[in-house]
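See below for the structure under consideration.
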Amino acid sequence: MKQTQALNLQQKTIKALGVNTSDAKVSLSYLSVAFLTLLIGGILGLVQGLERAGLMELPPWINYYQVLTAHGILLLLVFSTTFTIGYQYANLSHALGGLLPKVRKFAWTGFILMVIGVVLAVTMVVLNEASVLYTFYPPLAAHPVFYIGLVFVVLGIFACCIGVFINYRHWRKNHPGQTTPLLAFFAMGVFVLWFFASIGVTVEVLTLIPWSMGIVETTNVMVGRTLFWWFGHSLVNIWYLVATSAWYVIVPKIIGGRHFNEKLIRLVVILLVILNIPGGFHHQIIDPGISESIKFLHVFMSLSIAVPSLMTAFAMFAVLERAGRRKGGKGLLGWIGKLPWGDVRFLAPMIAMIAFIPGGAGGIVNTSNQMNQVIHNTLWVVGHFHVTVGMSVVMTFFGICYWLIPYLAKRKLTPQMNRLGVIQTIIWTVGMILMAGSQHLAGLLGDPRRTSYTTYGDHPTALSWVPYEYVMGIGATLLLLGVIIQVYAVINMMFFAPKGKTAFPVSEPEDGAPSAPMWTERWGLWVVLLLMVVAMAYVVPIVDMIVNAPPGSPPIRTW
Amino acid sequence: MKKHHNAIAIIVVLLFGTVLFYIGTDGFRAFTAESARTYKLLQDKPVFPSVTLEDSQNRSYTFKEFADGKYVFLTFMYTSCTTVCPQLEMNMAQVYALIPDSYIGKDIVFLSISFDPERDDPKTLAKYRTYFGSDGETWRMARITNKEELKELLDRLGVVVIPDGNGNFTHNSAFYLIGKQGHLLEMMDFTNIDEAASTVAAILNEEAGE
Amino acid sequence: MHRLEEMWIAISTGILIIFMVVVGYQTFALGMGPPSNKETIDPQKVDQTEPFDEPGISKIGDNEYEVVMTLQAFGFTPNNIEVPAGAKVNFIMTSKDVTHGFQIAGTNINAMVMPGHIQKISHTFDKPGEYLVLCNEYCGTGHQLMSTTITVK
Amino acid sequence: MKQFLYGLVLYLFLLLPPVAALLESIMIIHMHMQMPLLILSGFLMARLIQLKFPDFFRKWNSNGVPGIMLFSIILVYWMIPRTMDEALTIEASELFKFISLPFLAGVPLRDSWKKISSAGKNSVFIIFIILFSLMGWLYIAADEQICNNYLRVDQITLGWGYVTMAVCMAIYVIQLIFGDHSEYK
């Protein structure tokens, strides 16, 4: 009883002050790291794009693959992770009426572990001791410190997961009979998935450490690869789930609408959490050592994600249309004009959602047996994840910045900043269309990914790719410009924008909508189902890979 | 009254369970198909079918000619096997060593039959033989080239061989003892060398004592 | 749930099932499955193991060829292969060090070649020309140099 | 009625010879996919049977114990390595599998699960956790072939399948015991 009172008091203070200062500090720290890495990673991205197109030569003390490794790790791993944690903890704090002090400690522990980990790993990359790319497929062997750094990062993630679980459980205990706020429900989904996805890579890295130190002689290459994609692909879907949380809950409020039927939203979250992990197998469609029937099963499992995704598409269009019509939009498409296109908080996530249509279609290509063979490991794949991660996810993240950072920093979004945001969004969109578009096309012609500048002895086929690579370079230049504007905007909103109160835009249900059913909160059951799906997908191939394993591979350094 | 029905139902279910398990496991004796097979084979004592062997010295003869009224100690294997077969043959060599010399060749002969006739030609068998100290006379290694004869033999003695698609086979293994009339006399656990040797020796001794 | 929602879910699931039937038919009935050979080899003894002790091209039938190939940083052995037009070529490959990719630009020949595993893929080269073969999985500093050609006459 | 139809369709689908042959060709799918699906089909069909013969179930399965015992007996029976082999080689055994799993396991499970106490449910879970762990250990550790119709690697795979299912059940039971579930009903 006392606790509830204290909690109510806390909630009242938050209402009065707008934001819980100690919680805001957690989120702002994560977000600062995120945008610092975005800046560095973005610069490396441009360097890489220009080198790849043959427009620039790298100085002798640094090589293309070092740059590529750093770009991948910083953007795909560090930027998206830190942004997600910063954003999700802000959501959680807002939705549950503040974080528990204990949970803040977990968040800070996670922060410190991740910073140490990233510093260790990146140092090794800079020293050219770990040019293994962010996928670090064995038997390419990096310096042991690189793997140790990754362990720290994963431990940091685990700390943040546990923090979320504790806070959620605490809230549940104190609110019998109530369903958790949607944002907290999303946060729970994100971190449950993250927790179980990280187990794969943790096991992999822990086996690689003694191997890279020479204590263990050989390692099982196939198992390492499989465990990596257990994590690697789920990671992408974690960012996607994070973006979805903004689409479902935040966007409707910004456009002056209401969110969709809560039961369906929760069902989508649950499905994404349960079905996600086996999707990783489609990265191994043309690998040896996995039978065709197992691959077929995994194609099915990867594609099953399409069902909740299509449900999202349906729900979002319904929300947008309703909001547009409420504002007086007439006719079949009249509502489109009524949406607030000039508001960056809507424009960025809206383009992100649109980008998910080609992104998802490309994903279906990658997942299916025969089409995968055409584009596997070509620039198509690079184009694909720049559309999905670089547009769908990152643009949603950018859109979030324009209300989240002022909210956390107790400042205001000025019209100038909004205009800058719109410009940034347009530059980013054009840059991505040019870059990812040309990458898709070059990939269809067979241009491989992850390759330094080469014309393969001026082979005519390779020369035919060069024009696309130029366009890619132009896109990359625009994107760096976009990064710089974005980082400037973030710094401005954090430290220089006028003081004031910004609201946390959480949408409400439609009038008379039924409340969400209580069974959706049975996380214990969802976890068990998730594990069963993982078991169905992984037990057969992994046992086969271990029992019928060839002699292992020793560590090899080829750079 | 209800309690009553419940109790009856429980008893009926338990009885059903007991009967089911009793039938399903040959009276709680055989919980795997392998043990069921052994049990059944020992009950049936099937006759060794007529097959033509081709041994490591390129000689061809029928099983009957080879056995010639002696006991035959038998195993099934293939030479490319890396798992059970070397162990099986190694253990067979130990049984061979434990049987008193006086019986060998006179009252009992040893035979290893390969169920992979395509790869196990006489040359391969000749080489494989030397790994286990088989002398090629009183302990021979042979293949059966006629596919139908081989299948008939494997079926009759309940040897299940499944190719795994990578050139290997999964198969069940045991020591077999064929009696003087060509009937299956014993099937023995190939991992228990001493017991197999003493079983065989006892049969031979009893015969000698008569 | 709303009727429209139910219909939408049913349609999505239906599309998924139809898609799987198509993929399954292609894979199992038409034999168009992805390269998935399951044989293994000791990656440290490739040179001593048949058939990789003698990599090269051999004719195995009427306009059918077998190419036994090893991939290593940063090249293909044998390289610069020549075959007549219309030839069916069966590639048997393994890696001597790290993971490599085997891609023939302009065709849908694309396979991962991993240490310890033997990969197989076949293709009929109908159109004459000089095909570019390249490694499409990062394998070290010289990765961008790892290429060869197949000439179809 | 809808449920009965779903169950019936599933049952007929599983009966189709090519489907049965495909599912039985891989050991773990035979054990952990086909058999549970058969139970599920019975579970779904049970609704109509319950409505048709309410007296029978009320009279003979009033506290759910006989039903759950029958379910357990059938399940344990099919966990014996030999029965799985014989389902492949002996037709009568195959027939018994297709009758016993839906009608002697699925139907009584549906009728009993709601009737037995939570302590009863927990003990069923615990018994099967132990059994699954033991079977898993048996299949993983066994050097010899336990089932004649399957490869060794299939056997090890099935072993790990048992272990993972035991782990899943254990997690489920733990969260049942430590979580408050009164409000989810």
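A few comments on the model shown:
- Shape of chain D, Cα gyration tensor, a/c cut at 1.5: oblate
- Peptide ranges A:519-527, A:197-205, A:389-397 listed from the most packed, as the mean C-beta count within 10 angstrom indicates: A:389-397, A:197-205, A:519-527
- Counts of other chain beta carbons within 10 angstrom of each beta carbon in peptide A:450-457 average 6.
- What the Cβ-Cβ distance of C:D47 and B:E65 gives, at R0 = 41 Å and to the nearest 0.05, is a FRET efficiency of 0.30.
- Residue exposure sequence - A:R345, A:R419 - by fewest surrounding Cβ within 10 Å: A:R419, A:R345
- Extending 7 Å from the Cα toward the beta-carbon at both B:Q43 and B:D155 defines two label points whose distance is 2.1 nm.
- Distance from the Cα centroid of segment A:139-160 to that of segment A:249-304 is 26 Å (rounded to whole angstrom).
- Between B:K106 and B:E148, the FRET efficiency estimated from the beta carbon spacing at R0 = 30 angstrom works out to 0.35.
- Fully extended contour minus Cα-Cα distance, from D:R58 to D:L95, at 0.36 nm per residue: 10.4 nm
- Separation in nanometres of the label points that stand 7 Å from Cα toward Cβ, at A:K102 and B:K127: 6.8
- Computed from Cα atoms, the angle from the helix A:344-367 axis to the main principal axis of chain A rounds to 40 degrees.
- Each of A:P308, A:L227, A:I254 was scored by the projection of its Cα onto the charge dipole of segment A:223-322, and the greatest displacement toward the positive side belongs to A:I254; charges sit on the C-beta of Lys, Arg, Asp and Glu.
- Among the lysines of segment A:26-547, pairs at least eight places apart or on separate chains and with Cα atoms under 23 Å apart come to 18.
- Only beta bridges with both residues in the protein assembly as shown are counted; by DSSP, about 65 percent of them are antiparallel.
- The mean count of C-beta atoms from other chains within 10 Å of the C-beta of residues in A:534-540, rounded to a whole number, is 6.
- Calculated FRET value between D:F13 and D:L51, using beta carbons and R₀ = 22 Å, to 0.05: 0.40
- Look at the dipole of segment B:125-187 built from charges on Cβ: of B:L153, B:I178, B:Y131, the Cα furthest out on the positive end belongs to B:Y131.
- Order of A:E292, A:E508 - criterion: other Cβ atoms within 10 Å of each residue's Cβ, fewest first: A:E508, A:E292
- Extension gain (nm, one decimal) between A:A361 and A:E508, 0.36 nm per residue minus Cα-Cα: 49.8 nm
- Net charge dipole, segment B:43-209: roughly 320 debye, given to the nearest 20, about the Cα centre with Cβ charges of +1 for Lys and Arg and -1 for Asp and Glu.
- Gyration tensor verdict on the protein assembly as shown (Cα atoms; rounded if a/c is under 1.5, prolate if a/b is larger than b/c, oblate otherwise): oblate
- For C:T40, distant residues with modelled amide H under 5 Å away: C:I118
- Given charges at beta-carbon only (K, R positive; D, E negative), |dipole| of segment B:131-202 in Debye: 240
- In segment D:2-184, taking the dipole from charged Cβ atoms about the Cα centre, the farthest positive-side position among D:Q175, D:N63, D:M31 is held by D:N63.
- Measuring nothing but how far apart in sequence close Cα pairs (under 8 Å, 6+ apart) lie, relative to its length, chain C scores a relative contact order of 22 percent.
- Residue-by-residue Karplus 3J(HN,Hα) for segment A:544-551, coefficients 6.51, -1.76, 1.60, Hz, glycine and proline x: 4, 5, 7, 5, 9, 6, x, x
- GNM result for chain C, Cα springs below 10 Å: residue of C:T27, C:T77, C:T99 fluctuating most strongly: C:T27
- Peptide ranges A:86-96, C:140-150 listed from the most packed, as the mean C-beta count within 10 angstrom indicates: A:86-96, C:140-150
- D:K115-B:K180 pseudo-label distance in nm [points 7 Å out on the Cα-to-Cβ vector]: 6.5
- Paramagnetic reach from B:E207 (point 7 Å along Cα→Cβ, amide N under 20 Å) across segment B:142-175: B:175
- Dipole moment magnitude, nearest 20 debye, the protein assembly as shown about Cα centre, only Lys, Arg, Asp, Glu C-beta charged: 6980
- For segment A:26-547: rounded, prolate or oblate by the Cα gyration tensor [a/c cutoff 1.5]: rounded
- Close amide H contacts of A:V216 (hydrogens built in the peptide plane, cut-off under 5 Å, sequence separation of 5 or more or a different chain): A:W211.
- The 3J(HN,Hα) values that the Karplus relation (6.51, -1.76, 1.60; θ = phi - 60°) gives for segment A:197-206 are, in residue order, 5, 5, 4, x, 5, 4, 4, 4, 5, 5 Hz. Gly and Pro appear as x.
- The order of the peptides B:79-86, A:332-339 by mean Cβ neighbours within 10 Å, most packed first, is B:79-86, A:332-339.
- For chain B, the longest principal axis of the Cα atoms and the long axis of helix B:33-44 meet at an angle of about 70 degrees.
- Residue-averaged beta-carbon neighbours from other chains (10 angstrom radius) around A:61-71: 1
Each value in this text was obtained by applying a stated rule to the coordinates, not by laboratory testing. What you are looking at is a predicted structure, and each value in this text was computed from that prediction instead of being measured. No Cβ is skipped: glycine too gets one built from the backbone with ideal geometry, and neighbour counts run over all protein chains shown.
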